[in-house]
1. Which of the residues belonging to the range 204-231 are within 16 Å of ligand 1 (Cβ to nearest atom) and either touching a strand residue (DSSP E or B) at 6+ places or on another chain (Cβ under 9 Å) or not assigned by TED's automatic domain parsing to the domain that holds Ala270 (or both)?
2. Among the residues of the range 160-175, which ones are of a type in the set (A, V, I, L, M) and surrounded by fewer than 20 Cβ atoms within 10 Å (Cβ to Cβ)?
3. Hey, among Gly54, Gly44, which residue is assigned to a helix (DSSP H, G or I) and within 16 Å of ligand 2 (Cβ to nearest atom)?
4. Output the residues belonging to the range 1-41 that are hydroxyl-bearing (Ser, Thr, Tyr), within 16 Å of ligand 2 (Cβ to nearest atom) and over 19 Å from His317 (Cβ atoms).
5. When you check Leu201 against the structure, is it within 16 Å of ligand 2 (Cβ to nearest atom) and of a type in the set (A, V, I, L, M, F, W, C), yes or no?
6. Could you give me the residue pairs with C-beta distances under 6 Å whose first residue belongs to the range 400-411 and is at pLDDT 95 or above, whose second residue is part of a loop (DSSP other than H, G, I, E, B) wherever it lies, and which are 6+ apart or on separate chains?
7. With respect to Pro393, is the statement that it is more than 29 Å from the chain's Cα centre (by Cα), not in a helix (DSSP H, G or I) and not small (Gly, Ala, Ser) true?
8. Six or more apart or on different chains, Cβ atoms under 7 Å: show the pairs whose first residue is in the range 20-49 and without any contact (Cβ under 8 Å) to a residue 40 or more places away in the chain and whose second is in a strand (DSSP E or B) and not aromatic (Phe, Trp, Tyr).
Amino acid sequence: MQSWSSPVVPSLGPGGLPVRVFDTASGAVRPTAPGPEARLYVCGITPYDATHMGHAATYVAFDTLQRAWMDSGHDVFYVQNVTDIDDPLLERAIATGQEWRDIAQRETQLFREDMEFLRVLPPREYIGAVESIPSVVRCIQGLRDRGAVYDLEGDLYFDITSDALFGSVSGLDRAEMLALCAERGGDPLRPGKRDPLDPLLWRATRPEEPAWHTELGYGRPGWHIECVAIALDHLGMTFDVQGGGRDLTFPHHDMGASHAEVLEDQRPYARLYMHAGLVGLGGEKMSKSLGNLVFVHRLREGGVSSAAIRLAILAHHYRHDWPWTDEGLVAAESRCIRWTAALSRPSGPPAQSTIEAMRRALADDLDTPRALAAMDRWAEESFTTGGSDGDSPRVMAIAVDALLGVELSTAASV
Ligand code: 5CA
Ligand code: ZN
């Protein structure tokens, strides 16, 4: 699938720091320690109701990770999927009388435009579920060879007992798993399953549903195996970070880890599992199913700048849940104005110590509120004491762009 075009990321020069982030699986902040090439997989959208602020916040969080990696000298190999065939998309198609393919194409295009607008770095491989069906089939065949698959009325399920370490990403107990499984696409109540938690790998065709002819029969892929097939195709085992919003911890990322580790007879699938907190609106998680959505394209059409949206997101630590509010956006817009004014002055306070503070904050589990506060202090000092460094505004504009993806039209840039 076509990705989107990349913003230019200026180089800040030497001094970038090794990045540590919170790993859900071990419950600790750990070094990401990638090789020269950092390998990242972030779960992509199911293309309907794109792009809401919850999506935007999650992709901006992983964009910040990439920028910190790049600043410390790594190339990033970034892969993202599009779940362009799955139950929720088909339900939306039926509810609105549209073709599922049309919805998927339109919403994926809207997502690309929103990501480009937000200056989010594009994945090197942007892969749809439909185009990865041959890989999904190979993965399921491999799992079957390992005795991890059973047939239930033509549907194929993964037997979670084939993975002795099942559940190690989320660390949840069984009661919590059962509740979340029912809520997030599983079918724990279906009679005949060996274990209620066993996830679907392949769904045999149903009347009126799209299906593909494969060696597994006529049907379509399950959800978790889609991401595993795409990640293994492009990144291989033991890639650096598996990312997504916190709602994907269980079952999606636990199932993905189990599928891959049983299939490859090797661990870990990912070295680290990183999850962004959930953005809410009106006291609930912002979600397509609840319909309480604020869309990037609406803000864009209303003249809100990319810098303001990014700063409204980056004002929150990525790991916290937080509510989207008009006040948060207004605060971000005034921060944009303050920073732009400071960066437009002919001189400013020395840049280096502020850049170091921003780098330290980002290397420490992507502490963007702390990085923003460092830049606030630099701007404040520029207004109060003026500062005599003629190069400093230019260098700080580069830092804000490189590390935060925030591009401001300053005197130097116009
Ligand atoms: N296609 C699957 C992943 S393979 C999926 O979850 N799609 S999604 O469209 O529902 O979500 C896309 C990404 O946005 C996921 O990483 C999800 O965790 C994240 N996300 C969804 N809602 C929110 C929210 N309210 N706050 C933060 N992130 C969210
Ligand atoms: Zn996924």
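The values are calculated or read from the model by the stated rules, or taken from the named source; none is laboratory data. Nothing here was measured: the structure is a model prediction, and the numbers come from that model. All Cβ positions, even for glycine, are placed from backbone atoms using ideal geometry, and neighbour counts span all protein chains on display.
1. Listed by number, the residues that qualify are Arg220, Pro221, Gly222, Trp223, His224, Ile225, Glu226, Cys227, Ala229, Ile230, Ala231.
2. Ala164, Leu165, Leu172, Ala175
3. Residue meeting the stated conditions: Gly54.
4. Matches in the range 1-41: Tyr41 only.
5. In short, yes.
6. As it stands, the answer is Val400/Val406; Asp401/Pro10; Asp401/Glu407; Ala402/Val9; Ala402/Pro10; Ala402/Leu12; Gly405/Arg119, since those pairs meet every condition given.
7. The answer is no for Pro393.
8. Pro31/Arg20; Pro36/Asp75
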